[in-house]
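Heads up, the thing below is written out as structure tokens.
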Amino acid sequence: MLKKFLFSIFIIIFISACATTPKDSADSSGSGSSTDSIGTLTETSGSGIISGSQEDLIVNVGDRVFFGYDSFDLDADAQELLQDQAAWMKQHSDVSVIIEGHCDERGTREYNLALGEKRAQAVKNYLISLGVSSSRVSTISYGKERPAVIGSNDGAWSQNRRSVTTVN
Amino acid sequence: MISKNYLNIVLSLIVIYFSSMLNLFALEVTLTQGSVKPTPVAVTDFYSNKDEVLKIGKNISQVISDNLERSGLFSPLNKKSFIQDISSLSNQPRFEDWKIIKAQHLISGNVTKSENRIAVEFRLYDVFAQKQLLGKRFETSENNWRRVSHIISDIIFERITGEGGYFDTRVVYVAETGTKENRQKRLAIMDQDQANHKFLTDGSYLVLTPRFSPNSQKITYMSYVNTKAPRVFIFDIETGKQEIVGDFPGMTFAPRFSPDGKKIIMSYSDPEIGNSEIYILDLETRSKKRITNSTAIDVSASFSPDAKKIVFNSDRTGRRHLYVADSNGKNIKRISREGGSYYTPVWSPRGDMIAFTKQEGGQFYIGVMDTDGSNERMIAKAYHVEGPTWAPNGRYLMYFKEERTAEDGSGGDSNLYSIDLTGYNERKIITPLGGSDPAWSPLMH
């Protein structure tokens with residue numbers, strides 16, 4: 001069920017990523033016209049994903065890891081994904097990222113801001129331990145303010161206890 | 001923005017005592033006795049022989065009546081049952097007429113107006129003792145009639161209950177709209193009775209946890225106005241100006257003013273430390289002093305009213321508990337003793353209790369305990385309640401309640417509630433949008 005859920009999130013993100021790609025391409029080419037953006041599309045990879053972009057990270061690596069209740073420990077799955085993120089960052093040495101820390105709704109606003117920050121810091125420290133320069137990684141906590149998944153149930157909460165790596 | 005007129009209500013008041021408070025009766029009502037039967041009171045329209053001014057008198061009476069009713073301690077009688085008319089009452093009360101309808105107290109008054117100024121005079125009577133308990137007269141500009149009504153309510157409340165008043169106060173909170181994953185939040189302010197509601201920010205960025213300064217002129221809160229660096233800010237209500245509180249690298253949050261208003265106690269997550277610690281920032285020198293030093297989360301600090309102690313939330317023993325320390329961080333002592341997780345401790349303005357949020361068995365509670373952690377009791381319970389704030393008399397609390405969210409995105413509404421310390425008289429605070437993170441101001445007068 002969790003996998004199915006993750007998969008549907010992935011699809012949604014992927015669709016929206018595709019939808020925004022032409023605009024992003026236009027921006028990066030410095031042109032605002034739609035004909036140009038179609039032109040620049042052909043310069044990107046066959047999938048329409050710009051190498052080193054947020055979409056690239058989401059589709060080819062994964063942008064998020066999940067945490068246990070009231071925990072900022074990185075489990076084996078999280079470490080594995082972050083190892084891939086570190087490798088991706090080495091490949092794209094011009095990219096810097098912001099690590100967002102998030103919590104589920106079952107805590108208070110202030111405590112969750114602190115916990116979200118610890119989650120983001122845990123990810124940052126792990127990336128640094130894998131050789132990513134600390135100057136390329138910053139953190140921000142949203143506490144329980146920006147859940148990824150709506151619902152007051154264990155499934156939603158486990159999806160919301162997360163860090164999200166975003167290309168700066 | 002708040003109008004200057006409303007703010008600068010340094011009511012240029014001429015207060016005349018009609019009768020001094022010679023007889024200090026034993027308290028007719030006390031708030032600490034569990035359930036209290038509300039005292040029947042007759043709040044009459046304030047009299048004027050001019051129709052135009054009579055309308056002001058009716059409005060004043062309504063505000064006083066609503067305040068007293070909302071306290072849960074008074075039951076204002078239906079005006080239709082009144083026998084004596086307000087014209088004759090303005091000369092002399094006929095106590096028998098008020099005894100018959102079982103009014104224990106009678107509140108009368110009159111209003112006169114000249115140009116834009118009004119003079120409001122009120123009297124409070126003990127019907128059964130057949131005597132006037134007090135009377136006062138206020139002069140102010142006409143558009144201050146609500147303030148005067150609240151001040152009169154406070155005087156009446158104090159005289160009858162022996163507790164401090166709390167009606168001439170305001171509430172700052174976070175107004176909420178939109179779905180939970182992208183909720184828009186705006187600072188908003190209103191009178192304690194929900195009148196004079198105003199938005200202070202436009203909702204284009206997240207704002208959290210506003211708290212009043214001791215003089216109620218400023219608000220400290222957390223803002224994501226810089227989307228990459230959420231920080232503690234101070235908002236000046238009169239000017240609308242916002243100012244960052246110490247621009248350090250790393251997140252600052254969970255701010256509260258010190259009792260003298262010269263400092264802010266807050267949490268700071270220094271990237272060098274990678275953990276939230278409590279700091280006190282001096283607003284004059286802008287220097288910050290670290291108060292806690294542990295590898296655990298230290299958050300949600302609140303000063304005692306004498307500023308000698310602080311209470312805060314920490315998970316240093318694994319579970320989330322409440323700790324009291326000297327305000328320099330020395331002599332840290334855990335005060336919460338029971339099961340569950342404790343959060344958001346707030347010292348009562350009277351100094352005698354600490355209110356908090358508790359989570360246990362899938363439920364959230366608003367509770368209070370003595371400052372040493374004894375006499376813990378819960379006064380509100382729901383799927384999610386959070387963030388108590390004290391009325392200035394230390395006898396009422398406000399907090400917010402958030403509903404469960406269904407998978408289709410419905411539900412999840414957040415609203416403000418008030419309750420008295422006995423756990424009775426829970427009232428929903430009606431706001432234009434949803435509400436969270438309320439903070440009750442000190443008395444404005």
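Which residues, taken from segment B:197-207, are without any contact (Cβ under 8 Å) to a residue 60 or more places away in the chain, away from every other protein chain (no Cβ under 14 Å) and assigned to a strand (DSSP E or B)?
Scanning segment B:197-207 gives a single hit, B:F199.
In segment B:405-424, how many are at positive phi and either within 11 Å of chain A (Cβ to nearest Cβ) or in contact with a Pro (Cβ under 9 Å, 6 or more places away or on another chain) (or both)? Walk me through how you get there before you give the answer.
Step one: of segment B:405-424, the residues at positive phi are B:409, B:411-412, B:423.
Narrowing further to those that are either within 11 Å of chain A (Cβ to nearest Cβ) or in contact with a Pro (Cβ under 9 Å, 6 or more places away or on another chain) (or both): B:409, B:411-412.
Residues meeting the conditions: 3.
Take the residues in segment A:125-141 that are in contact with a Ser or Thr (Cβ under 8 Å, 6 or more places away or on another chain) and either within 9 Å of another protein chain (Cβ to nearest Cβ) or of a type in the set (A, V, I, L, M, F, W, C) (or both); name whichever of them is farthest from A:Q85 (Cα to Cα).
Among residues in segment A:125-141 that are in contact with a Ser or Thr (Cβ under 8 Å, 6 or more places away or on another chain) and either within 9 Å of another protein chain (Cβ to nearest Cβ) or of a type in the set (A, V, I, L, M, F, W, C) (or both), the one farthest from A:Q85 (Cα to Cα) is A:S141.
Residue by residue through segment B:172-196, note down the ones that are under 24 Å from A:P147 (Cβ atoms), away from every other protein chain (no Cβ under 12 Å) and surrounded by fewer than 19 Cβ atoms within 10 Å (Cβ to Cβ). Even if it seems obvious, please write down each step before you answer.
Step one: filter segment B:172-196 for residues under 24 Å from A:P147 (Cβ atoms), giving B:173-188.
When the remaining residues are screened for being away from every other protein chain (no Cβ under 12 Å), the result is B:173, B:175, B:177, B:186-188.
Within segment B:172-196, B:T177 is the sole residue that qualifies.
Given the structure, is B:E96 assigned to a helix (DSSP H, G or I), at pLDDT below 95 and more than 22 Å from the chain's Cα centre (by Cα)?
Judged against the criteria, B:E96 is not a match.
Which residue, of B:K80, B:K136, is more than 30 Å from B:L200 (Cα to Cα), within 26 Å of the chain's Cα centre (by Cα) and basic (K, R)?
Just a single option satisfies the conditions, and that option is B:K136.
Anything in segment B:289-312 that is within 14 Å of chain A (Cβ to nearest Cβ) and either of a type outside the set (S, T, Y) or under 23 Å from B:D352 (Cβ atoms) (or both)? List them, or say none.
Scanning segment B:289-312 gives B:A296, B:I297, B:D298, B:V299, B:S300, B:A301, B:S302, B:V311, B:F312.
Out of all the residues in segment B:197-215, which are among the charged types (D, E, K, R) and crowded, with 16+ Cβ neighbours inside 10 Å?
Once the filter is applied, which keeps residues that are among the charged types (D, E, K, R) and crowded, with 16+ Cβ neighbours inside 10 Å, segment B:197-215 yields only B:R211.
Take A:N160 and decide whether it is over 16 Å from B:S276 (Cβ atoms), among the polar types (S, T, N, Q) and surrounded by 21 or more Cβ atoms within 10 Å (Cβ to Cβ).
Yes; evaluated as a whole, the condition is true for this residue.
Only one of B:T389, B:T344, B:T371 is more than 14 Å from chain A (Cβ to nearest Cβ) and surrounded by 15 or more Cβ atoms within 10 Å (Cβ to Cβ); which?
Working: B:T389 fails: more than 14 Å from chain A (Cβ to nearest Cβ); B:T344 fails: more than 14 Å from chain A (Cβ to nearest Cβ).
Only one candidate passes the filter, namely B:T371.
When segment B:394-412 is examined, which residues are found to be under 27 Å from B:Q184 (Cα atoms), surrounded by 16 or more Cβ atoms within 10 Å (Cβ to Cβ) and either at pLDDT 95 or above or in contact with a Phe, Trp or Tyr (Cβ under 6 Å, 6 or more places away or on another chain) (or both)?
B:L397, B:M398, B:Y399, B:F400, B:K401, B:E402, B:E403
Here's the yes/no breakdown for (1) within 18 Å of B:P210 (Cα to Cα); (2) among the aromatic types (F, W, Y); (3) touching a residue at least 40 places away in the same chain (Cβ under 8 Å); (4) within 14 Å of chain A (Cβ to nearest Cβ):
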{"residue": "B:V225", "(1), (2), (3), (4)": "yes, no, no, yes"}
{"residue": "B:P230", "(1), (2), (3), (4)": "yes, no, no, yes"}
{"residue": "B:D270", "(1), (2), (3), (4)": "no, no, no, yes"}
{"residue": "B:S287", "(1), (2), (3), (4)": "no, no, no, no"}
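Within segment B:47-91, track down each residue that is farther than 25 Å from B:I429 by Cβ, hydroxyl-bearing (S, T, Y) and either touching an Asp or Glu at 6+ places or on another chain (Cβ under 6 Å) or surrounded by fewer than 18 Cβ atoms within 10 Å (Cβ to Cβ) (or both).
B:S81, B:S87, B:S88
Examine segment B:58-69 for a residue that is more than 17 Å from B:I152 (Cα to Cα) and either among the aromatic types (F, W, Y) or out of contact with any helix residue (DSSP H, G or I) (no Cβ under 6 Å at 6 or more places or on another chain) (or both), and state whether such a residue exists.
So far as segment B:58-69 goes, no, none of its residues is more than 17 Å from B:I152 (Cα to Cα) and either among the aromatic types (F, W, Y) or out of contact with any helix residue (DSSP H, G or I) (no Cβ under 6 Å at 6 or more places or on another chain) (or both).
Which one is farthest from B:S153 (Cα to Cα), of the residues in segment B:73-83 that are in contact with a Pro (Cβ under 7 Å, 6 or more places away or on another chain) and not in a strand (DSSP E or B)?
Within segment B:73-83, the match that is farthest from B:S153 (Cα to Cα) is B:L77.
Looking at (1) within 11 Å of another protein chain (Cβ to nearest Cβ); (2) crowded, with 24+ Cβ neighbours inside 10 Å, which is the only condition A:A122 fails?
With respect to (1) within 11 Å of another protein chain (Cβ to nearest Cβ); (2) crowded, with 24+ Cβ neighbours inside 10 Å, A:A122 is out only on (2).
When only residues in segment B:313-341 that are under 13 Å from B:T292 (Cα atoms), within 14 Å of chain A (Cβ to nearest Cβ) and not acidic (D, E) count, which is surrounded by the most Cβ atoms within 10 Å (Cβ to Cβ)?
B:N313
Could we say that B:G367 is among the small types (G, A, S), at pLDDT 95 or above and within 16 Å of the chain's Cα centre (by Cα) here?
no
How about segment A:56-112: which of its residues are more than 11 Å from chain B (Cβ to nearest Cβ), in contact with a Phe, Trp or Tyr (Cβ under 7 Å, 6 or more places away or on another chain), in a loop (DSSP other than H, G, I, E, B) and crowded, with 21+ Cβ neighbours inside 10 Å?
A:D104
Here is a yes/no grid of residues against (1) free of Cβ contacts under 8 Å to residues at least 12 places away in the same chain; (2) farther than 27 Å from B:P349 by Cβ; (3) outside any loop (DSSP other than H, G, I, E, B); (4) among the basic types (K, R):
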residue: B:M190; (1), (2), (3), (4): no, no, yes, no
residue: B:D193; (1), (2), (3), (4): no, no, no, no
residue: B:R211; (1), (2), (3), (4): no, no, yes, yes
residue: B:P214; (1), (2), (3), (4): no, no, no, no
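The values are calculated or read from the model by the stated rules, or taken from the named source; none is laboratory data. As the structure is a prediction and not an experimental result, all values here were calculated from the model. So basically every Cβ, Gly included, is an ideal-geometry build from the backbone, and we count neighbours across all protein chains shown.
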